[in-house]
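Right, one structure below, let's go through it.
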């Protein structure tokens, strides 16, 4: 009786080789560097936040075009005037448009009818302090670009590790804390980005949360 060949039959892969092939495929699937696309690390609510900021900007521009005046007020009052002046109806939907949707953002509260009583309780956004940092032109772009509002991180980051900032040309920049530390824009060990004169990030010092 002749010896049987131990070689695999044509077209049949030994079980061991099949497991090896599967391991390679799984390694390629899960070993891909997802960090190549920074958007993969950004919470989904950040996109909603960006849309809300752009909506605020468009409304402020429309209000400016109708009234002929630069938006007045400082901090939250600056953009909450969209409701307090009646430009936007005071509805739950419009109130939601004036605040950050981040999971760590403090909830909005308060009466919008009294403009002088508007404070940080009305929104999880912080607005420009026009009393200390006035501007002559709105809207503005190019070399006149300036910060209008951003997520108010008084109680921590509204989003995990990021915050949005709206500028006078309507653009929104997503500030990533880890990138700011890596570029030395804020000191190592910084855990949040509060607004106001003591903010570790210079551009946020023109904002106030009340």
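Just so you know, in region 89-103 the residues that are in a loop (DSSP other than H, G, I, E, B) and surrounded by fewer than 16 Cβ atoms within 10 Å (Cβ to Cβ) include one that is modelled with the lowest pLDDT, and it is 103. In a residue-by-residue description of region 28-42, the property of being modelled with pLDDT under 90 and touching a strand residue (DSSP E or B) at 6+ places or on another chain (Cβ under 7 Å) applies to at least one position. Tell me, which residue of region 60-70 that is part of a helix (DSSP H, G or I) and closer than 16 Å to residue 167 by Cβ is farthest from the chain's Cα centre (by Cα)? Only one residue tops the list, namely 64. Does residue 164 qualify as being surrounded by 15 or more Cβ atoms within 10 Å (Cβ to Cβ), at pLDDT below 90 and within 26 Å of residue 96 (Cβ to Cβ)? For residue 164, the condition - surrounded by 15 or more Cβ atoms within 10 Å (Cβ to Cβ), at pLDDT below 90 and within 26 Å of residue 96 (Cβ to Cβ) - is not met.
Scanning region 112-144 for residues that are without any contact (Cβ under 8 Å) to a residue 60 or more places away in the chain and surrounded by fewer than 13 Cβ atoms within 10 Å (Cβ to Cβ) returns 113, 114, 116, 131, 134, 142, 143. Annotation: of all residues in region 187-210 being in a loop (DSSP other than H, G, I, E, B) and touching a strand residue (DSSP E or B) at 6+ places or on another chain (Cβ under 7 Å), the one that is surrounded by the most Cβ atoms within 10 Å (Cβ to Cβ) is 195.
A single entry from 82, 22 fulfils the requirement of being at pLDDT below 90 and over 14 Å from the mean Cα position of the chain (by Cα): 22.
The values are calculated or read from the model by the stated rules, or taken from the named source; none is laboratory data. These numbers come from a predicted model, not from an experiment. Reconstructed Cβ throughout: ideal geometry from the backbone, glycine too, with neighbour counts over all protein chains shown.
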